[in-house]
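Have a look at the structure below before the remarks.
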Amino acid sequence: MVVVTIGGPPGAGSTSAAKAVAEEFNLRFLSTGTLFRQVAAERGLNVEDLSETAEKEVDLEVDNRTKAEAAKGDIVIESKLAAWVVKDAGIDAIKIWLTAPVPVRAVRIANDEKARIAESPLTVEEAEAKIRKREEEDRNRLLECYGYDMYDTSIYDLVLDTGLLALEDTKKQVIDFIRSKIS
């Protein structure tokens, strides 16, 4: 049974790496961001308009579903929080954190064709401002709700700065690391 968590701030490459890992090792792929939006929709909630109370309820439901999926095994979970959630549930996992300096991530996000942290295209400056604001809000919320510091990397098996890496190099390093852990 293989469980891999890959997390990181926006623009670090966690989604791309997680999808590559799922494909390479024939694992199920779960994005808790997608799951969050799904749970909110099931409850008739608009993600942008979630109240603090509703957001906590959705967060808890996402956590419960994440634990249930992780317990089944053979999965890669892309999430800033999954490493903490599976650890607290007593599930053994390979935990990976990807990071990069904010200016690098802002360029990646501004140049990305798909919507990420905003619905409309962003300039690099707008992306950087949104990244900084979102990270501060997320960090405060996770500390308050869970007591987790999403930037405490001590629980991870691999912490990789992707700032100077091409996406294919990031994927290769992550896949090689996982291969070394499961062989």
Here is a list: 151, 146. Which entry is within 17 Å of the chain's Cα centre (by Cα), aromatic (Phe, Trp, Tyr) and under 19 Å from residue 12 (Cβ atoms)? 151
Contact list, first residue from the range 14-26 and at pLDDT 95 or above, second anywhere and among the basic types (Lys, Arg), beta-carbon distance below 6 Å, six or more apart or interchain, is 17/171; 20/171
Report, by residue number, each residue of the range 70-82 that is modelled with pLDDT of 95 or more, of a type outside the set (Val, Ile, Thr) and either within 21 Å of residue 12 (Cα to Cα) or surrounded by fewer than 19 Cβ atoms within 10 Å (Cβ to Cβ) (or both). 71, 72, 73, 74, 78
Residue check, residue 110 in contact with a Leu (Cβ under 6 Å, 6 or more places away or on another chain) and modelled with pLDDT under 95: yes
Regarding the range 72-84, can at least one residue be identified that is among the polar types (S, T, N, Q) and either touching a residue at least 12 places away in the same chain (Cβ under 8 Å) or touching a Ser or Thr at 6+ places or on another chain (Cβ under 8 Å) (or both)? yes
Checked the range 21-51 for anything surrounded by fewer than 21 Cβ atoms within 10 Å (Cβ to Cβ) and of a type in the set (Gly, Ala, Ser); matches are 22, 31, 33, 41, 44, 51
Does the range 86-97 include one or more residues that are over 28 Å from residue 24 (Cα atoms), assigned to a helix (DSSP H, G or I) and out of contact with any Asp or Glu (no Cβ under 8 Å at 6 or more places or on another chain)? no
Count - residues of the range 87-107 that are over 20 Å from residue 180 (Cβ atoms) and buried (at least 22 other Cβ atoms within 10 Å of the Cβ): 3
Boolean, residue 160 is closer than 19 Å to residue 11 by Cα, surrounded by 16 or more Cβ atoms within 10 Å (Cβ to Cβ) and in contact (Cβ under 8 Å) with a residue 40 or more places away in the chain: yes
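The values are calculated or read from the model by the stated rules, or taken from the named source; none is laboratory data. Please read all numbers here as calculations on a predicted model, not as lab measurements. Here Cβ is always computed from backbone atoms with ideal geometry, including for glycine, and neighbour counts include all displayed protein chains.
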